[in-house]
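Here's the structure, in structure tokens; my notes come after.
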Amino acid sequence: MPNWITTTCTLFSCVALFACQSPQQRHDLPSAVSLDARIETLMTREDVKGLAVAIIEGDEILHVRAYGARNVERGLPLENDTIMYGASLTKAAFGYMVLQLVDEGRLDLDRTIDSYLPKPLPEYPWWQSLQDDPEWRTLTPRLILSHRTGLNNLRYFEPDQNLTFHFRPGASYAYSGEGINILQAVLEEGLGLDVKQEMRKRLFDPLGMPNTSLQWREDFADNLADGYAMDGSFEPHDERSFVSASGSMDTTIVDQARLWRGLLSGDGLSTELRAEWVRPQFPIRTLQKFPTLPMRDTQTDRAEPIKLAAGLGLMTWQGPTGRNFAKGGHNDWTGNLIICQETERRCLVMLANSVRAEIIFPEIAEFVLGETGYPWWWIYPALHNDRP
């Protein structure tokens, strides 16, 4: 796979044809040479081990490039077809697939999950801790995808690792991977679907993503990105044998470029449901994306909402040039971020096997997309102290 994918236009030169489409002067995309130089300088400055970047405009993938190493110790380069951990980018793709089911009339965003499940949720072993809490019966796909369940992000953040509702579902926003896992159970137990196969059939195959899966594949092992923590320490890429709609996706930068080109264009989804995917569902008032829920007792949410709102599996906000949406993916060794501009019809895709890349994401985003209005202080509070 070549490092560069170009359109019939000279790379990035066709931007001027669309300059009149934005309420502000359209930001010129950088040249390939200047983008390479900028990213390599930033990676050196912050000791980022590996980073892959893609740029999408309209129906075209203008740029795909991998920089740095997939394994520093063995001197192995990060390449365009290297398998990288998608982390919570999985949630956005899953949310899009759920809306396809809504389009087909198989699921209703506002119907409670108890009407789909053949038996009460707490009778499934993974959800037994909710047996004395009837709030689970009020959960709907919309509340789950917009992170309004009242459940913690992960049960491991609870003192006893048992889930509990920290607020009435729908009353507030709190990021919850556990909620996404409940919706996966609704699809599997209630609709009889295999989520891994549905994602493959509905998204990965139609969009040309042969190296993406929600479950570990042995053929991934030959070209795999290992991870690097904030202090530079090494962590091998783990084999995620359990399918998780909240974060088990392995993928490549080429596949992610194709995915977000398709999602930006609304492939496989009605115009109405594509608009619903990025429509603001609920204003966000939390001081940051995380803390975990037990910490909320010692913190006060903002009286006014911040610029962000919850979409259905992603974040959305009104930026200088119109509607924007974004989704990140993170663990101690992984930093991923996608930012898309609806009016401009542009997406920037960044996948990193070094979490230190999150330090340079704002500079890359501004270099490529211009000012987006993205609240970096909310997403990465320990790294970017620009809180208003």
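The values are calculated or read from the model by the stated rules, or taken from the named source; none is laboratory data. Bear in mind that the values here come from a model prediction, so they are computed numbers and not experimental data. Cβ: placed from backbone, ideal geometry, glycine included. Neighbour counts: every protein chain shown. Ligands, DNA and RNA are excluded from the accessible area calculation, which covers all protein heavy atoms including side chains. Shrake-Rupley method; radii C 1.70, N 1.55, O 1.52, S 1.80 Å.
Against the empirical curve 2.2 N^0.38 Å, the C-alpha radius of gyration of segment 276-388 lands at a ratio of 1.05.
Taking only DSSP H segments of four or more residues, each worth -39500 (n - 2.57), what value at 222 nm results for the chain once the sum is divided by all its residues, to the nearest 500 deg cm²/dmol?
Details: 9 runs with 87 residues, N = 388.
Calculated at 222 nm, the ellipticity per residue is -6500 deg cm²/dmol.
Here the average projected area of the convex hull drawn through the C-alpha atoms of segment 77-228 stands at 10.7 nm². Stretching Thr292 away from Asp194 to a fully extended chain increases their span by 32.3 nm, per 0.36 nm per residue minus the current alpha-carbon distance. For Thr138, neighbours were defined as the other residues whose beta-carbon sits under 10 Å from its Cβ, and their charges (Lys and Arg +1, Asp and Glu -1) total 0.
Taking only the Cα atoms of segment 58-105, the ratio Rg/Rh comes out at 1.19, with Rh defined as the Kirkwood radius.
Given R₀ = 35 Å, FRET efficiency for Thr44-His384 by Cβ-Cβ distance, to 0.05?
Details: r = 20 Å, r/R0 = 0.56.
Result of the calculation: an efficiency of 0.95.
Please sort 171-180, 240-249, 218-227 by packing, taking for each peptide the average over its residues of neighbouring beta carbons within 10 angstrom, highest first.
On the way: 171-180: 21.6, 240-249: 19.3, 218-227: 16.5.
Order by mean packing, descending: 171-180, 240-249, 218-227.
Show me the ranking of peptides 91-97, 108-114, 347-353 by mean Cβ neighbours inside 10 Å, starting with the highest. Mind showing how you got there, number by number?
Values: 91-97: 26.0, 108-114: 15.3, 347-353: 27.6.
Per-residue mean Cβ counts within 10 Å order the peptides as 347-353, 91-97, 108-114.
For segment 244-322, evaluate the Debye formula with one uniform point scatterer on each Cα (no solvent term) and list log10 I(q)/I(0) at q = 0.24, 0.27 Å⁻¹, rounded to two decimals. Debye output, listed in q order: -1.20, -1.26.
In a shell of Cβ-Cβ distance under 11 Å around Pro30, excluding Pro30 itself, what net charge do Lys and Arg (+1) and Asp and Glu (-1) give? If you can, show how the numbers build up before the last one.
On the way: positive: Arg38; negative: Asp28, Asp36, Glu366.
Net of charged neighbours comes to -2.
A straight line joining the Cα centroids of segment 47-71 and segment 95-160 runs 35 Å. Protection proxy ranking of 153-160, 55-62, by the mean of other Cβ atoms within 10 Å over each peptide's residues and highest first, is 55-62, 153-160. Here the label points at Glu104 and Asp205, each 7 Å from Cα along the C-beta direction, are separated by 1.2 nm in the simple model. Only the Cβ atoms of Lys and Arg (+1) and of Asp and Glu (-1) were treated as charged; on that basis the dipole of the chain about its Cα centre amounts to roughly 840 debye.
Could you please state how large a percent of the accessible area of segment 127-218 is carbon and sulfur, counting protein chains only and using a 1.4 Å probe? Summing carbon and sulfur atoms, their accessible area is 43 percent of the total for segment 127-218. Pairs spanning more than 28 Å between alpha-carbon atoms, out of Lys49/Lys91; Lys91/Lys119; Lys49/Lys201: Lys49/Lys201.
Please compute the net charge surrounding Gln341, taking Lys and Arg as +1 and Asp and Glu as -1 over other residues with Cβ under 12 Å from its Cβ. Don't jump to the answer; show the numbers that get you there.
Numbers: positive: Arg26, Arg323, Arg345, Arg346; negative: Glu57, Glu342, Glu344, Glu371.
In short, 0.
Per residue, the Cα convex hull of the chain amounts to 140 Å³.
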